[in-house]
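Peer 1: Quick one: structure below, then a few questions.
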Amino acid sequence: MSTTVDTAAARPAAGATRTRAEGRPLGAWLLALPLALVLGVFLVIPIIMLIVVSFLDYNSVQILWSFVLSNYQEALGSAVTWETFAVTIKYAAITWAITLFLGFWLSYFLAFEVRGTTWQMGLFLVCSIPFLTSNIIRTISWIPALGRNGIVNSVLLHFHIIHQPLTFLLYSQFAIILAFVHLNTLFMVTPIFNSMMRIDRTLIEAARDNGAGFWQTIWNVVLPLSKTGIGIGTIFVITLVMGDFVSVSIMGGGQSASVGIMIQNEMSQLQYPAAAANAVILLAIVLIMVFLILRVVDIRKEL
Amino acid sequence: MHPALDVELISVTKRYGSTAAVENISLRIPRGTYCCLLGPSGCGKTSTLRMIAGHETISEGDIIINGVNVSDLPPVKRGTAMMFQSYALFPHLNCIDNVAFGLKMRGVGKAERRARAGELLSMVQMEKYAERLPAQLSGGQQQRVALARALITRPKVLLLDEPLSALDPFLRGAMREELKRLQRELGISFIHVTHSQEEALALADLVVVMDHGVIVQSGAPREVFDTPATAFIARFMGGHNVITNGHGAFAVRADRCRIAPPTANEGLPGSICSIEYLGAVVKVGIATEAGGQIVALLPDDQFFAAPLMMGAPARLVWAPQDAHPVAA
């Protein structure tokens, strides 16, 4: 959502430049200042600190001010790290695929099947209602539903669909993916819906006139024209899932690992430089992913 | 079913809720006809076109295209192709892929469909722009691409929704000639929706004037212009004076009217209230004694041989054979 802040701050600055074309007008700098301060204090400085700390040595009680590469050597030399990163990327990939499927068809329904903007916006707001509660509460609320004696098992047992409670429902990879999908689908719906609302309806008619059936229209017209929304949604979902540790620890029941949990564990053992090194590696991986997505999709089209 | 017809509408009605956009219209369009559906906005001409195209369901009646009742068929099975008012080019595809789209949907291989699309692009003189995206083209160029895209599936009937309205006047004239040339060369029927009577007269073999969801007159352009059936048509076609006297209403072409001195014992008395020099003709307005304004278009040489003065009393006269009775 920082993109909206970004453009809002950038536009007045551009306007000021136009009124005084010569040199660098003071007004433009002043207008850019608040955003620059916010990003500087809350983003740039912490990341610099993170990178600095990741190269520092430490013992069991304190950080030592000497430059070392051992944090990275240990992290990259450990099979556990690689496995944890692999599992986290797997979660991200599965969650991405499911949220993309759901997000695409929910958006399609809202944008093309629902008649009238009132209904469209109304239903869209309904989608966002769960976001009035926090991520953690929404995750925890799955426990009574999915537990051994939870609602799902009780109902299935009651109707004799199953004879033993299903144990994979909670504290499992299934539970983790379910929570991720639940938490993140709206981040896919919003940008794709936005893209689809910009598709000229006569294009759908033109496709039909040219002999395209439903799936051909989806594949040849709707999907390519929703690409930007899909790209933005993908960035949201992947960055949120890659950095998560709460959902994995609640839904995995302490049995599952993720990069977030690994970093959290290192911090709880006061191994800040090791945690920082893993965080920098995670950041690098996520940035590479975002870079690759931006290579495929020009998200500036939507801004 | 008539073998020599491309399109036949039989008592076609389109209702939206309780209001009828098109009411019980019947029309026969012979083979290879340039047909213009003409009328003011909201007259039902676009709904009619969209029903022929299959983008709008028919509430009642039937549409026969090339001897087949297509009323319940999807657009692709009708042998029609539509050119949309906004052109509706796919913004993510370049010109050649836009034109080839219909063939791709029919499963034609890439090399073959691109070759065909190339031919059609050269037919509309756009082959140089094959790799451009629609956003990189001017309105006139986009229209040519849209035309090529509509023609690639070899339709029997081409449907054009206000094709010239988005162009500037110079391009409009050039494109108009081009549409007529294409229609003649392809030998298929064009059905062209327009609100410009000038466009309809210049292009059509068959002018169909619509108003309030019904066809008020259809015929050859000269017939519709020379003998408008109603006062509405006379006013809509322009260039006519609609005059009511004791026997009813009649229409006289303004260019057949002359200005006579106030002493003449025929015509309508009044005083000259406007003089506009239009180049080849001079448009003289007369405020009649009965109220209202009538117009004479005088050849410039005739006008300047005996210039008229603003406010001068005068009479508008015409030959009796030029007055055509019209229904009110």
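The values are calculated or read from the model by the stated rules, or taken from the named source; none is laboratory data. As the structure is a computational prediction, the values presented were derived from the model and not from experiment. Neighbour counts are summed over all protein chains in view; Cβ atoms, including those assigned to glycine, are modelled from backbone coordinates with ideal geometry. The accessibility values were calculated without ligands, DNA or RNA, using every heavy atom of the protein model including side chains. Shrake-Rupley method; radii C 1.70, N 1.55, O 1.52, S 1.80 Å.
Peer 1: Show the residue pairs that are 6+ apart or on different chains and have beta-carbon atoms under 6 Å apart, the first residue being within the range B:129-143 and within 15 Å of B:Asp168 (Cα to Cα), the second being part of a helix (DSSP H, G or I).
Peer 2: Qualifying pairs under 6 Å: B:Gly140/B:Leu171; B:Gln142/B:Pro134.
Peer 1: Please enumerate the residues belonging to the range B:179-197 that are in a helix (DSSP H, G or I) and in contact (Cβ under 8 Å) with a residue 12 or more places away in the chain.
Peer 2: Looking only at the range B:179-197, we keep the residues that are in a helix (DSSP H, G or I), and these are B:179-186, B:197.
Result: B:Leu179, B:Lys180, B:Leu182, B:Gln183, B:Leu186, B:Gln197.
Peer 1: In the range B:220-240, what residues are over 24 Å from B:Gly292 (Cα atoms) and either in contact with a Leu (Cβ under 7 Å, 6 or more places away or on another chain) or open to solvent by 10 Å² or more (accessible area, probe 1.4 Å) (or both)?
Peer 2: We begin by selecting, within the range B:220-240, every residue over 24 Å from B:Gly292 (Cα atoms); these are B:220-224.
Of everything in the range B:220-240, those that are over 24 Å from B:Gly292 (Cα atoms) and either in contact with a Leu (Cβ under 7 Å, 6 or more places away or on another chain) or open to solvent by 10 Å² or more (accessible area, probe 1.4 Å) (or both) turn out to be B:Ala220, B:Pro221, B:Arg222, B:Glu223.
Peer 1: Moving to a separate point now. Out of all the residues in the range A:7-16, is one or more at pLDDT 90 or above and farther than 23 Å from A:Ile299 by Cβ?
Peer 2: Scanning the range A:7-16, I find no residue that is at pLDDT 90 or above and farther than 23 Å from A:Ile299 by Cβ, so the answer is no.
Peer 1: Would you pick out the residues in the range B:16-28 that are away from chain A (no Cβ under 14 Å) and open to solvent by 10 Å² or more (accessible area, probe 1.4 Å)? Lay out the reasoning, then the answer.
Peer 2: Of all residues in the range B:16-28, those away from chain A (no Cβ under 14 Å) come to B:18-28.
Across the range B:16-28, the qualifying residues are B:Ser18, B:Thr19, B:Ala20, B:Ala21, B:Glu23, B:Asn24, B:Ser26, B:Leu27, B:Arg28.
Peer 1: Only residues that are surrounded by fewer than 16 Cβ atoms within 10 Å (Cβ to Cβ) and in a strand (DSSP E or B): list them for the range B:209-219, please. Don't jump to the end; show me each part of the working.
Peer 2: Filtering the range B:209-219 for residues surrounded by fewer than 16 Cβ atoms within 10 Å (Cβ to Cβ) gives B:212, B:214.
Correct list: B:Val214 only.
Peer 1: Residue check: is A:Phe236 part of a helix (DSSP H, G or I), open to solvent by 60 Å² or more (accessible area, probe 1.4 Å) and of a type in the set (Phe, Trp, Tyr)? Step through it out loud before you land on a result.
Peer 2: Details: part of a helix (DSSP H, G or I): yes; open to solvent by 60 Å² or more (accessible area, probe 1.4 Å): no; of a type in the set (Phe, Trp, Tyr): yes.
No: the conditions fail for A:Phe236.
Peer 1: Any residue that is surrounded by fewer than 20 Cβ atoms within 10 Å (Cβ to Cβ), hydrophobic (A, V, I, L, M, F, W, C) and not in a strand (DSSP E or B) - is there at least one of those in the range B:241-252?
Peer 2: no
Peer 1: Also, I was wondering about something else. Does A:Asn194 satisfy the condition of being under 20 Å from A:Phe131 (Cβ atoms), more than 14 Å from every other protein chain (Cβ to nearest Cβ) and open to solvent by 50 Å² or more (accessible area, probe 1.4 Å)? Quick ask: steps written out before the conclusion?
Peer 2: On the way: under 20 Å from A:Phe131 (Cβ atoms): yes; more than 14 Å from every other protein chain (Cβ to nearest Cβ): yes; open to solvent by 50 Å² or more (accessible area, probe 1.4 Å): yes.
So A:Asn194 passes the test.
Peer 1: Out of the residues in the range A:203-221 that are open to solvent by 40 Å² or more (accessible area, probe 1.4 Å) and touching a Ser or Thr at 6+ places or on another chain (Cβ under 8 Å), which is farthest from the other protein chains (Cβ to nearest Cβ)?
Peer 2: Here the answer is A:Ile204.
Peer 1: Taking only the range A:165-179 into account, find how many residues are modelled with pLDDT of 85 or more and polar (S, T, N, Q).
Peer 2: Selection size over the range A:165-179: 2.
Peer 1: Are any residues in the range A:222-233 open to solvent by less than 30 Å² (accessible area, probe 1.4 Å) and over 8 Å from the mean Cα position of the chain (by Cα), and if so, which ones? Break it down stepwise before answering.
Peer 2: Taking the range A:222-233 and keeping what is open to solvent by less than 30 Å² (accessible area, probe 1.4 Å), we get A:222, A:226, A:228-231, A:233.
Selection gives A:Val222, A:Ser226, A:Thr228, A:Gly229, A:Ile230, A:Gly231.
Peer 1: May I pose another question? Return only the number of the condition from (1) under 30 Å from B:Asn24 (Cβ atoms); (2) in contact with an Asp or Glu (Cβ under 6 Å, 6 or more places away or on another chain); (3) surrounded by fewer than 20 Cβ atoms within 10 Å (Cβ to Cβ) that B:Val317 does not satisfy.
Peer 2: Status for B:Val317: all satisfied but (1).
Peer 1: Within the range B:153-166, which residues are open to solvent by 10 Å² or more (accessible area, probe 1.4 Å) and without any contact (Cβ under 8 Å) to a residue 60 or more places away in the chain?
Peer 2: B:Arg154
Peer 1: If a residue must be hydrophobic (A, V, I, L, M, F, W, C) and not in a loop (DSSP other than H, G, I, E, B), how many such residues does the range B:128-166 contain? Explain how you work it out, then say what you get.
Peer 2: Our first condition is that a residue be hydrophobic (A, V, I, L, M, F, W, C); within the range B:128-166, this holds for B:130, B:133, B:135, B:137, B:145-148, B:150-152, B:157-160, B:164, B:166.
Among the residues that remain, those that are also not in a loop (DSSP other than H, G, I, E, B) are: B:135, B:145-148, B:150-151, B:157-160.
Here the count works out to 11.
Peer 1: Could you check the range B:129-152 and list, in sequence order, the residues that are over 24 Å from the mean Cα position of the chain (by Cα) and open to solvent by 40 Å² or more (accessible area, probe 1.4 Å)?
Peer 2: B:Tyr129, B:Glu131, B:Arg132, B:Leu133, B:Ala135, B:Gln136
Peer 1: Right, here's the next one. Scan the range A:189-228 for residues that are part of a helix (DSSP H, G or I), closer than 22 Å to B:Gly102 by Cβ and of a type in the set (D, E, K, R) and report the count.
Peer 2: Within the range A:189-228, the subset part of a helix (DSSP H, G or I) is A:189-197, A:201-209, A:214-225, A:227-228.
This time we only want the ones that are closer than 22 Å to B:Gly102 by Cβ, so: A:201-209, A:214-225.
Filter once more, keeping what is of a type in the set (D, E, K, R): A:201, A:205, A:208-209.
The qualifying residues number 4.
Peer 1: Among the residues of the range A:160-169, is any crowded, with 18+ Cβ neighbours inside 10 Å and away from chain B (no Cβ under 14 Å)? Talk me through it step by step, then tell me what you get.
Peer 2: Within the range A:160-169, the subset crowded, with 18+ Cβ neighbours inside 10 Å is A:169.
Checking which are away from chain B (no Cβ under 14 Å) leaves us with A:169.
Scanning the range A:160-169, I find at least one residue that is crowded, with 18+ Cβ neighbours inside 10 Å and away from chain B (no Cβ under 14 Å), so the answer is yes.
Peer 1: (1) in contact (Cβ under 8 Å) with a residue 40 or more places away in the chain; (2) in the same structural domain as A:Phe214 (by TED's automatic domain parsing): which one isn't true of A:Ser60, the others all being true?
Peer 2: (2)
Peer 1: Under 8 Å between Cβ atoms, at least 6 apart or on separate chains: pull out the pairs that start in the range A:222-247 with a residue that is more than 17 Å from A:Leu292 (Cα to Cα) and within 14 Å of chain B (Cβ to nearest Cβ) and end on any residue that is in a helix (DSSP H, G or I) and open to solvent by 40 Å² or more (accessible area, probe 1.4 Å).
Peer 2: Pairs found: A:Val222/A:Ile204.
Peer 1: Out of all the residues in the range A:293-302, is one or more out of contact with any helix residue (DSSP H, G or I) (no Cβ under 8 Å at 6 or more places or on another chain), in a helix (DSSP H, G or I) and modelled with pLDDT under 95? Give the steps one after another, and end with the answer.
Peer 2: So in the range A:293-302, the residues out of contact with any helix residue (DSSP H, G or I) (no Cβ under 8 Å at 6 or more places or on another chain) come out as A:295, A:300.
Right, trim to in a helix (DSSP H, G or I) and you get A:295, A:300.
Still in the list and also modelled with pLDDT under 95: A:295, A:300.
Yes, that holds for at least one residue.
Peer 1: Could you grab me the full set of residues in the range A:106-141 that are within 17 Å of A:Ser226 (Cα to Cα) and either open to solvent by 70 Å² or more (accessible area, probe 1.4 Å) or not assigned by TED's automatic domain parsing to the domain that holds A:Thr234 (or both)?
Peer 2: A:Leu106, A:Phe109, A:Glu113
Each row is one residue, and each column tells you yes or no for (1) in contact with a helix residue (DSSP H, G or I) (Cβ under 9 Å, 6 or more places away or on another chain); (2) farther than 22 Å from A:Leu50 by Cα.
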{"position": "A:Asn71", "(1), (2)": "yes, no"}
{"position": "A:Leu76", "(1), (2)": "yes, no"}
{"position": "A:Thr81", "(1), (2)": "yes, no"}
{"position": "A:Tyr91", "(1), (2)": "yes, yes"}
{"position": "A:Leu102", "(1), (2)": "yes, yes"}
{"position": "A:Arg115", "(1), (2)": "no, yes"}
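Peer 1: Can you report the number of residues in the range A:131-181 which are basic (Lys, Arg) and either within 20 Å of A:Ile98 (Cα to Cα) or out of contact with any Pro (no Cβ under 6 Å at 6 or more places or on another chain) (or both)? Give the steps one after another, and end with the answer.
Peer 2: Looking only at the range A:131-181, we keep the residues that are basic (Lys, Arg), and these are A:138, A:148.
Restricting the remaining residues to those that are either within 20 Å of A:Ile98 (Cα to Cα) or out of contact with any Pro (no Cβ under 6 Å at 6 or more places or on another chain) (or both) gives A:138.
Result for the range A:131-181: 1.
Peer 1: Assess whether B:His247 counts as being of a type outside the set (A, V, I, L, M, F, W, C) and at pLDDT 90 or above. Walk me through it before giving the result.
Peer 2: Working: of a type outside the set (A, V, I, L, M, F, W, C): yes; at pLDDT 90 or above: no.
So B:His247 fails the test.
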